[in-house]
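> Questions regarding the structure given below will be posed in turn.
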Amino acid sequence: MGLLAMALVGLTLFLSEGVTGKLHPRGTPGQSPLPPEHVAARAQARVLANEELDAENSRQILFGDLHVHTTFSADAFVFSLPLMQGEGAHPPADACDFARFCAELDFWSINDHAESITPRQWTETRESIRECNAVAGDSQNPDTVAFLGWEWTQSSPESFEGTHWGHKNILLAGIEDDETPTRPIGAGAGGLFSQVEIPGFVWAVIRAGLAAGDFPNNLGPYLDFNQWAREVRGLEACPQDVPVRELPPDCLEGAPDPADLFAKLDDWGYPALVIPHGTAWGIHAPPDADLGEQLKNGQHDPTRQRLFEVYSGHGNSELWRDLRDTEIDADGQVSCAEPRDGYEPCCWRAGEIIRSRCEGLSEITCEERIQQARRWYLELPGNLAKEVVPGAVPNDWGECGQLAGTFLPAMEYRPKMSAQYGLARRPAGAASTDAEAFRFGLIGSSDNHKARAGAGYKEIGRKAFGDAYGLRDDWHNRLKPEPEAPSSRPVPPEEIRGSMPFADPGAERNASYYYTAGLVAVHADGRDRGSIFNALEARRTYGTSGPRILLHFDLENGPDGLTPMGSDVSLRDTPRFTVRAVGDFRQLPGCPEITRDRLTAARLRDLCLDECYHPSDERHLVDRIEVVRIRPQQYPEEPLQDLVEDPWRVFPCPPDEAGCVISFEDSEFTDEARETVYYVRALQEPTLAVNGDPMRCDRDDDGTCLQGNLCPAAGPDADPDDPCLSLVRERAWSSPIFVRHGGEGSGEN
């Protein structure tokens, strides 16, 4: 028995420490750049389209992705494992090759989660970005520009007490050692693994692999994961209140809040942008999260926080709506809010599920249980609250908690974390300084966790081009407990607290709210790194949901004449605007010959899925232009219902592949005499999109969702090749033009 016990202990240590696992290297990017004439032809097509619209802007439009994760990110590493139907490692070199050859992006950035990046990985990341740029050809006219960055990842999903700051990408202008920080800066005092019981987590991953039957033949990926986790565990948090240049090189550096992050970036002194993203996604943000809280106590830096990721593969964070889950009476008692304006709180849905099970009960008993379910739902955090309804499955919850009927929304929408809310919010009133206001440009990106930068050019690969994932069927079926029998009797909170409900991410709604990549576009003076960074910093940007829509939005009568999107000006006269938009090229199947000549057949299959950016000569039609007008608050209590006008104006476009030109003015501006924010959306004709209708509901005559029909990512009903397509209107969002009422002088352009 003693020898057996020793053997078991030895095996446990062997597995949990990943003794024979290997640390993943950065990889090697393809060495052949795209020919300069091919890159020039790509640019010339955009120039010709602009000329057809008589666009006066001489700058060129470039497309990129500023939010790309590789398996150097902890969550991406987990998603890559066999138990998650993973593809295996996708290191930084894969992101470089995908951006250059599969997606043909003009620029991209790496943004792995800083909280668990080891010094070795950061060194490898910097080297990989330099290598990507070195093989891209002439630095003034490369096939792509690779930027260095990371993600600062902070969440407080359960409750909000002024501590939820959200996720932010840091984008650096430089890539050399003497122009980039020694370490990335994560959230908190030491990062992700200071908050997780890592030995237990590591052993849980090993148990999962064993349960899935991956021992001994397919245990390698788990040992690699645990070898890397052991590397992370060996690091210490950097000491606080020490200047960044005096910190030891091999510690995990953290900033507990944005103000501390900005201070550390100031200490380094390198040009950098900080870009909030995924803000309205409820899987990370608590229900009462409020972007306005970041306009206090130095938590916003207008010199760095100049852009906002309005759309990514994790959904749309644009819209503000007055959504309410709870009501508070005169005595301060909290109760479940009734549905209104198409929004159904999940606490209300809990009662409706109970109501559907009331057969055989008296009306009084049924109503008591309905009210119990709604009340008890509010007493529990997050998905734990759904355990109040025994035997309920994800489809039973319909569209509760969702911004239903809108374009590819973020899951469990948080309206006070949206772009529109941020643009309207002014907590300090009319006399607020720029530091107490968000004046950000809008961008899109991917948030892809498989190193696939800009994977939105074709609506395929729900799990590869997006982040939909699910537990492998055999693991799913072995470990999922027998479902609880449906009952009309709700479960009291005291029986649920402290439990860990089975949370299969493939069967949950998460996978239905992951989409393919968005893009960021810039109006730049050149294709080089400096020109692109300058355009980003100047907010000459717009975002798209994936298509390469060409978009111009200009103030015609600015103080200095034609004034582009992203500008901040003062004006006395009625502002006059012009919008010009051209739809994206329709895509041909497969990959162009120029890509097939540079990647092997296996590389094309495994990385690009044998489908690349491959434009035809035909363009999608622009369906219409929508104008949004926002008048920022002049005092903190000013109701947003009257300030966010969406849409303020709508202009249909003629069915012309050459594009659409519209003009408008705001005759009310001079009478209002207050700052006004304008931006536009250009919507294409309907096309099919991955997860275009996330819940795929059965609806009644009023359009109410009676039952969801989620597209599963795992389980016996899952089809791994089903992209779950539905019709949407893909779109582009311009950066705003900020028009202050005042004298002749203009603000920053």
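> Taking Phe98 as the residue in question, decide whether it is among the aromatic types (Phe, Trp, Tyr) and over 20 Å from Ala41 (Cβ atoms).
It is true that Phe98 is among the aromatic types (Phe, Trp, Tyr) and over 20 Å from Ala41 (Cβ atoms).
> With farther than 19 Å from Val310 by Cβ and in contact with an Asp or Glu (Cβ under 9 Å, 6 or more places away or on another chain) as the only criterion, which of Glu685, Glu638 stands out?
Only one candidate qualifies: Glu685.
> Do we find a residue being modelled with pLDDT of 95 or more, farther than 24 Å from Leu640 by Cβ and surrounded by 20 or more Cβ atoms within 10 Å (Cβ to Cβ) anywhere in the range 336-349?
Within the range 336-349 (the criterion being modelled with pLDDT of 95 or more, farther than 24 Å from Leu640 by Cβ and surrounded by 20 or more Cβ atoms within 10 Å (Cβ to Cβ)), the answer is yes, since at least one residue qualifies.
> I would also like to ask the following. For residues that are farther than 25 Å from Leu607 by Cβ and at pLDDT 85 or above, scanning just the range 53-84, find the one that is surrounded by the most Cβ atoms within 10 Å (Cβ to Cβ).
The residue in question is Ile61.
Listed here are the residues, each with its yes/no results for (1) touching a His at 6+ places or on another chain (Cβ under 7 Å); (2) under 30 Å from Arg42 (Cβ atoms); (3) outside any loop (DSSP other than H, G, I, E, B); (4) modelled with pLDDT of 80 or more.
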| position | (1), (2), (3), (4) |
| --- | --- |
| Arg478 | no, no, yes, no |
| Pro481 | no, no, no, no |
| Pro490 | no, no, no, yes |
| Glu494 | no, no, yes, yes |
| Met500 | no, no, no, no |
| Ala511 | no, no, yes, yes |
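> Check off (1) within 26 Å of the chain's Cα centre (by Cα); (2) surrounded by 14 or more Cβ atoms within 10 Å (Cβ to Cβ); (3) not polar (S, T, N, Q) for Trp268 and give me the number that stays unchecked.
The single condition Trp268 does not satisfy is (1).
> Within the range 578-588, can one find any residue that is on the phi > 0 side of the Ramachandran plot, in a loop (DSSP other than H, G, I, E, B) and crowded, with 21+ Cβ neighbours inside 10 Å?
Within the range 578-588, the first condition is being on the phi > 0 side of the Ramachandran plot, and the residues that meet it are none.
So far as the range 578-588 goes, no, none of its residues is on the phi > 0 side of the Ramachandran plot, in a loop (DSSP other than H, G, I, E, B) and crowded, with 21+ Cβ neighbours inside 10 Å.
> Going by the structure shown, is Arg681 of a type in the set (Lys, Arg) and out of contact with any His (no Cβ under 9 Å at 6 or more places or on another chain)?
yes
> I've got another one for you. From the residues in the range 85-102 that are small (Gly, Ala, Ser) and assigned to a helix (DSSP H, G or I), which one is surrounded by the most Cβ atoms within 10 Å (Cβ to Cβ)?
Ala95
> Among the candidates Leu571, Leu562, Leu604, Leu550, which residue alone is aliphatic (A, V, I, L, M) and surrounded by fewer than 17 Cβ atoms within 10 Å (Cβ to Cβ)?
Leu562
> Right, something else. Take Glu359 and decide whether it is farther than 19 Å from Asp288 by Cβ, at pLDDT 95 or above and of a type in the set (Asp, Glu).
no
> Working only within the range 614-653, note down all residues that are without any contact (Cβ under 8 Å) to a residue 24 or more places away in the chain and assigned to a loop (DSSP other than H, G, I, E, B).
Hits for the range 614-653 are Glu637, Glu638, Pro639.
> Do you know which of the residues in the range 117-164 that are surrounded by fewer than 18 Cβ atoms within 10 Å (Cβ to Cβ) and under 30 Å from Asp288 (Cβ atoms) is modelled with the highest pLDDT?
Only one residue tops the list, namely Thr163.
> Can you report the number of residues in the range 56-84 which are within 30 Å of Leu562 (Cα to Cα) and either assigned to a helix (DSSP H, G or I) or within 18 Å of the chain's Cα centre (by Cα) (or both)?
4
> Residues in the range 291-345 that are part of a loop (DSSP other than H, G, I, E, B) and in contact (Cβ under 8 Å) with a residue 40 or more places away in the chain: how many?
Number of matching residues: 22.
> Do you know which residues across the range 360-389 are without any contact (Cβ under 8 Å) to a residue 60 or more places away in the chain and either outside any helix (DSSP H, G or I) or over 12 Å from Pro493 (Cβ atoms) (or both)?
Scanning the range 360-389 gives Gly360, Ser362, Glu363, Ile364, Thr365, Glu367, Glu368, Ile370, Gln371, Arg374, Leu378.
> Return the only residue of Lys458, Lys463 being in a loop (DSSP other than H, G, I, E, B) and at pLDDT 95 or above.
So the residue among Lys458, Lys463 that is in a loop (DSSP other than H, G, I, E, B) and at pLDDT 95 or above is Lys458.
> Of all the residues that make up the range 325-374, how many are within 27 Å of Thr406 (Cβ to Cβ) and of a type in the set (Ser, Thr, Tyr)?
Looking only at that region, the number is 4.
> Residues to consider are Leu423, Leu442; find the one that is modelled with pLDDT of 95 or more and assigned to a strand (DSSP E or B).
Checking each option against the conditions leaves just Leu442.
> Across the range 227-265, which residue is modelled with the highest pLDDT among those that are of a type in the set (Lys, Arg) and within 30 Å of the chain's Cα centre (by Cα)?
Checked the range 227-265; the qualifying residue modelled with the highest pLDDT is Lys264.
The values are calculated or read from the model by the stated rules, or taken from the named source; none is laboratory data. Predicted, not measured: the structure shown is a model, and the values here were computed from it. Cβ sites come from the backbone with ideal geometry, for glycine too, and all protein chains shown count toward neighbours.
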